[in-house]
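Structure first, commentary second.
The values are calculated or read from the model by the stated rules, or taken from the named source; none is laboratory data. Keep in mind it's a predicted model, so treat the numbers as computed, not measured. Positions of Cβ are backbone-derived with ideal geometry, glycine not excepted, and every protein chain shown enters the neighbour counts. Areas reflect the complete protein model, heavy atoms only, side chains present, ligands, DNA and RNA absent. Shrake-Rupley method; radii C 1.70, N 1.55, O 1.52, S 1.80 Å.
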Amino acid sequence: MPARLLLLEDEQAIADSLLYVLRSEGFEVVHHRLARDALAEVERQVPDLALLDVGLPDGNGFDVCRALRRSHGLPIVFLTARDDEIDRVLGLELGADDYVGKPFSPREVCARVKAVLRRTATGARAASSPDVAAGAQAPAHRLLRLDEAHQRIHGPQGPLPLTRLEYRLLAVLLRQPQRIFSRAELMSRVWAEAPDTADRTVDAHVKLVRGKLREAGLPADLIQTHRHMGYSLQP
Ligand code: CA
């Protein structure tokens, strides 16, 4: 079944170019130019993902995002025009899943939408398994903050100097604190798209990440080893 998207964008030319590309990629897209129509649409049928413009004739995308977050856990991608909006979009306040800065290419938007759907589908499956606490939203961590758009993880003193693989490893743990991931699971999630790496061992990378946590003034036992089971992140 094709994924169903809600596009909230008041500029017709932008909407048309997005509709064309998204539909040609097989998505079912419902388009609205007003915030109130988009909210009414979601009440009728919850889409698989919402693409939200910020500046709208009858309000803004931030309020729409908050309303959607309150009532539904659907993934949200923002179409933003200004740099100063990006922090709000990705921060704890709104917690959007991604953003695309204007001007953008419709192909880029399409690629982001696919990536977010892939990512959140995995999360939704994991969240429905009995060993994970309810709620699709990753809880805010006390010491670490995930910035997916920039592929960074922040400690109390700023971004941690992680390599690409270290980032991916810690991000997997951070999305579901306390959940124990087996080495095989971590292998498939972290290393799947990086076949070029020479050193593939999970243990070696956990050791490297712990070293960087320590250097950033964080407790190294934030990542816990579970004998014969795997690793988890302390909340
Ligand atoms: Ca607009």
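In region 60-91, the qualifying residues are those that are within 11 Å of the ligand (Cβ to nearest atom) and open to solvent by 20 Å² or more (accessible area, probe 1.4 Å), and the one that is modelled with the lowest pLDDT is Ala81. Selection of first residues in region 1-23 that are within 15 Å of Pro57 (Cβ to Cβ) and of second residues that are within 13 Å of the ligand (Cβ to nearest atom) and of a type in the set (Val, Ile, Thr), restricted to Cβ pairs under 9 Å at least 6 apart or on distinct chains, gives the following pairs, ordered by first then second residue: Leu8/Val64. Report, by residue number, each residue of region 215-231 that is open to solvent by 10 Å² or more (accessible area, probe 1.4 Å) and of a type in the set (Gly, Ala, Ser). Hits for region 215-231 are Ala216, Gly217, Ala220. Of Arg33, Arg44, Arg23, all but one fail to be within 14 Å of the ligand (Cβ to nearest atom) and open to solvent by 70 Å² or more (accessible area, probe 1.4 Å); the exception is Arg33. Restricting attention to region 108-117, does a residue exist that is touching a helix residue (DSSP H, G or I) at 6+ places or on another chain (Cβ under 9 Å), open to solvent by 70 Å² or more (accessible area, probe 1.4 Å) and modelled with pLDDT of 85 or more? There is no residue in region 108-117 that is touching a helix residue (DSSP H, G or I) at 6+ places or on another chain (Cβ under 9 Å), open to solvent by 70 Å² or more (accessible area, probe 1.4 Å) and modelled with pLDDT of 85 or more.
Do we have Gln178 as at positive phi, within 18 Å of the chain's Cα centre (by Cα) and open to solvent by 40 Å² or more (accessible area, probe 1.4 Å) here? Answer is no for this residue.
Restricted to region 47-59, and to residues there that are open to solvent by less than 30 Å² (accessible area, probe 1.4 Å) and either away from the ligand (no atom under 16 Å from the Cβ) or not acidic (Asp, Glu) (or both), the residue that is nearest to Arg119 (Cα to Cα) is Leu49. Taking every residue in region 64-86 that is of a type in the set (S, T, N, Q) and pairing it with any residue that is more than 16 Å from the ligand (Cβ to nearest atom) and modelled with pLDDT of 85 or more, at least 6 positions away or on another chain, the pairs with Cβ-Cβ distances below 8 Å are Ser71/Val42.
Looking across region 5-20, the residues that are within 16 Å of the ligand (Cβ to nearest atom) and surrounded by fewer than 18 Cβ atoms within 10 Å (Cβ to Cβ) come down to Asp10, Glu11, Gln12, Ala13, Asp16, Ser17. With respect to the stated conditions, Glu28 is on the phi < 0 side of the Ramachandran plot, open to solvent by 20 Å² or more (accessible area, probe 1.4 Å), in the same structural domain as Leu117 (by TED's automatic domain parsing) and more than 15 Å from the ligand (Cβ to nearest atom).
Every condition in (1) among the aliphatic types (A, V, I, L, M); (2) at pLDDT 80 or above; (3) open to solvent by 40 Å² or more (accessible area, probe 1.4 Å) holds for Ala134 except the one numbered (2).
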